[in-house]
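Below: the structure, in C-alpha cells.
The values are calculated or read from the model by the stated rules, or taken from the named source; none is laboratory data. Just so it is clear, the model here is predicted, and its values are computed rather than measured. For neighbour counting, all protein chains shown are included, and Cβ atoms are generated from backbone atoms with ideal geometry for every residue, glycine included.
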Amino acid sequence: LYNPPKIPGILSIPGYPIVGNLLQVLSNPAEVYMKWSDKHEASLFQVQLGAQRMVVVNKYQDVYNLWVKHSFATASRPVLYTFHDIVSATQGFTVGSTPFCPSYVLKKKTLASNLNKKAVSELSGVFDKEVNYTIRNLILDNRELLGPPSCNIYRNFRNESCDIDLYRYFQLFALRSSVYITYGLHLDCYRRDGPFCQDIIDIEAQIMRYRSTTSNLADYIIPLRYLPGVSKYPEYIRGRRDFYMEDLMDSMKRRYAREEHPIKTNLVAKIASKNCLLTDLELKSICLTMVSAGLDNTPLTMNYLMGQLSHPHGEKQQERAFNELMRISGNRLISAWEAAATEQNCDYITALVYEALRSFSVLPLGLPRVTTKDITYKDVTIPAGTTLVMNAYAANHDENVFENPYQFNPNRWLDTNGNLLHNLNKFHLTFGLGTRMCSGNHLAMAEMYTLTCRMILMFKIKAPTGPLLMVLDPFRNNRNSGGTSFEPKPFKVRLEPRVWSGSDTLYYRLMRQ
Ligand code: HEM
C-alpha cells in the first residue's frame, strides 16, 4: 500500500487514501483530465493512481515542449504488471511497450528502416491488392452492391437491411496487410482463415485493454496481484496469442520449404538476409508489433472517417474529394483508382485523413512515457522515473492551436489554394511526438489514403436508413470507456454505388481479380 510522494510545485488533484485518483478516472480518463485542466486552469497536473504517480500534460504547447525539446529524457515506457509481466512473458514486449534499453534501440532501428517513407512507397503493390480485396469482399457480402453501378437497382431503395457496419472490413484489411508485409502470407480472411483472423482481432483487442493507464487495478493496487485467479485470464489470453504468433511463423517457414524459388520480400526474410544482431525474442517482438500495432488504430480511425462522411457535412466533403481526385487524374476514373495506391497526390484526401486522426484521436491518452532523467520545466523539476501522460485528445482540441476544434474541418490542413500546409507546430498529435513517435505512421497514412480514395471513388457514403448513425462525440460513443483506444459503439452507413464514366468498367475489373 505504497503512497508515492508528491512532486513539489505541480498541482496535485485531490483523491482518496490508498487509491488516490484511480476511481475518478475509470471512465473516459482523457475527458476527466481535460475537465480538471479547465477547472484548475492548469495544463500540467499530477494524479495518483494507487502506488503510481503520473504527470498529465493537456495543452498542445506543453506537450510539444516536453515531448520534443526533452525528447531523450522522455524516451522510456512504464512497465505495467498485467501487460508486461503476464501477457508479454512469452512473445516479448512490442517495440512500443519496451522500456528504453539497447534492445529497444536495435528493434526500433530495424523496424524504422523498414517502415520509413521510402520503404512504405515500395509497398504500393500491397496496398493496391489489399484495398481491392477488401472492397471486392464488401461488395460480395452485401448483395445490394452487386452489379455494375449504372444498372444498380438498389440505389434508391431505402431499407435498414442495406445499412452496413464497415468496421470488420477495415479490421481484416489491416490484419491481412500487416501479415502479408511481415510474413509474405495471404490470409483468406473471408473464408478458410475467417475464424483464425477473428481470433487474432479479438485477442489483440483484449490485450490492447491491458495497456490502459487506468483500468487494470492490479497494476496500481499491488495487494490485488496476490488475490487468487487475478492472473488467470491474462495468462489465458497470452496462450491464445502464442498460438497464432507461432502458427504464422511456422506457416511462413513451411511455405519456404515447399517452394523451389520463394520470393522473400517480406519483413522477416529481409531482416534474416541482413544478418542483423537480433535475438529470436527480438525478432518475435518485431513480428508481434507488426501484427498488433495497427490492428486497432488504423481500422478505428478509418471507421470514424466513414462515420463523419455519412453525416450531412460529409456529403459535401466527399463530393469535393471525388472532384479533386478526378481533376488530378484528368477525369479518368480508372487512372484515379490506380494512382490511389501509388502516389499520395490528392491533398484534400490527405487533409481528410489528418482531420480524422486529429478529431478522433484514437488513442486519447497516447501511450505513456517514463522520464529517464530529471527535467526542469517552467520552474519545476519532474524527477527521473515519472510516468508522463500526453492528453492527446485535449491537445488535439486545444483552441489556441486549432480554431473551432470540435468542428470536423479538413480545410484546416490546407492553404487557400487547397495545398497541404506543412507547419509541424500545428500538426496533430495522434501519432505521438519525439523519439518514440509512432514508427508505423507512414504505413498507416498510406493504407488510409488508398482506402479512403477508393471508397470515395466507388461509393457515395450516406447516412444509414435505420437509426445507427455514428454519434460524433467519441466520448459519448465509447463502448469501452476504460480502454486504451476509443472503441465506438457499432454504427452503420449506407453505400450507394457511384455512377460515373468508367464506373462499370472499374466494377468489372475489380470483381474479376
Ligand atoms: C492510425 C494508426 C496508428 C496510430 C494512431 C498510432 C499511434 C501511435 C502512438 C500514439 C504511439 C506512441 C507514440 C509516442 O509515444 O509518442 C505509437 C507507437 C508506435 N506505433 Fe503506432 N499508430 C498507428 C499505426 C501503427 C502501425 C500500422 C504500425 C505498424 C507497425 C505502428 C507501429 C508503432 C510502433 C512500432 C510504435 C512504438 C514506437 C516507439 O515506442 O518507439 N503504428 N503509435
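Can you tell which of 131, 95, 120, 126 is of a type in the set (A, V, I, L, M), at pLDDT below 90 and surrounded by 18 or more Cβ atoms within 10 Å (Cβ to Cβ)?
Of 131, 95, 120, 126, the one residue that is of a type in the set (A, V, I, L, M), at pLDDT below 90 and surrounded by 18 or more Cβ atoms within 10 Å (Cβ to Cβ) is 95.
If I go through the range 15-24 residue by residue, how many of them are over 33 Å from the mean Cα position of the chain (by Cα) and outside any strand (DSSP E or B)?
So the answer is 2.
Any chance the range 465-482 includes a residue that's at pLDDT 95 or above, closer than 30 Å to residue 58 by Cβ and within 11 Å of the ligand (Cβ to nearest atom)?
Checking the range 465-482: not a single residue is at pLDDT 95 or above, closer than 30 Å to residue 58 by Cβ and within 11 Å of the ligand (Cβ to nearest atom).
Does residue 321 satisfy the criteria of being out of contact with any strand residue (DSSP E or B) (no Cβ under 9 Å at 6 or more places or on another chain), touching a residue at least 24 places away in the same chain (Cβ under 8 Å) and under 19 Å from residue 135 (Cα atoms)?
yes
Go through the residues of the range 416-424 one by one and say whether even a single one is aliphatic (A, V, I, L, M), free of Cβ contacts under 8 Å to residues at least 24 places away in the same chain and surrounded by fewer than 20 Cβ atoms within 10 Å (Cβ to Cβ).
Within the range 416-424, one or more residues are aliphatic (A, V, I, L, M), free of Cβ contacts under 8 Å to residues at least 24 places away in the same chain and surrounded by fewer than 20 Cβ atoms within 10 Å (Cβ to Cβ).
Could you tell me how many of the residues in the range 399-444 are within 16 Å of the ligand (Cβ to nearest atom) and in a loop (DSSP other than H, G, I, E, B)?
Number satisfying all stated conditions: 11.
On the given criteria, is residue 7 farther than 30 Å from residue 400 by Cα and not in a strand (DSSP E or B)?
no
Does residue 460 qualify as being under 18 Å from residue 361 (Cα atoms) and more than 16 Å from the ligand (Cβ to nearest atom)?
No; evaluated as a whole, the condition is false for this residue.
Conditions tested, residue by residue: (1) charged (D, E, K, R); (2) modelled with pLDDT of 90 or more.
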{"site": "2", "(1), (2)": "no, no"}
{"site": "39", "(1), (2)": "yes, yes"}
{"site": "51", "(1), (2)": "no, no"}
{"site": "61", "(1), (2)": "no, yes"}
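Can you tell me how many residues within the range 468-513 are aromatic (Phe, Trp, Tyr) and not in a loop (DSSP other than H, G, I, E, B)?
Looking only at that region, the number is 2.
Per-residue answers, yes or no, for (1) in a helix (DSSP H, G or I); (2) modelled with pLDDT of 95 or more; (3) within 14 Å of the ligand (Cβ to nearest atom); (4) closer than 26 Å to residue 306 by Cβ:
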| position | (1), (2), (3), (4) |
| --- | --- |
| 354 | yes, yes, yes, yes |
| 363 | no, yes, yes, yes |
| 389 | no, yes, yes, no |
| 393 | yes, yes, yes, yes |
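Which residue, of 314, 294, is part of a helix (DSSP H, G or I), modelled with pLDDT under 95 and either farther than 26 Å from residue 415 by Cα or not polar (S, T, N, Q) (or both)?
When all the criteria are applied, what remains is 294.
Going through 248, 278 one at a time, which residue ends up being modelled with pLDDT of 75 or more, outside any helix (DSSP H, G or I), on the phi < 0 side of the Ramachandran plot and surrounded by 16 or more Cβ atoms within 10 Å (Cβ to Cβ)?
After ruling out the rest, the residue left standing is 278.
Can you report the number of residues in the range 32-67 which are of a type in the set (Lys, Arg), touching a residue at least 40 places away in the same chain (Cβ under 8 Å) and surrounded by fewer than 20 Cβ atoms within 10 Å (Cβ to Cβ)?
Result for the range 32-67: 1.
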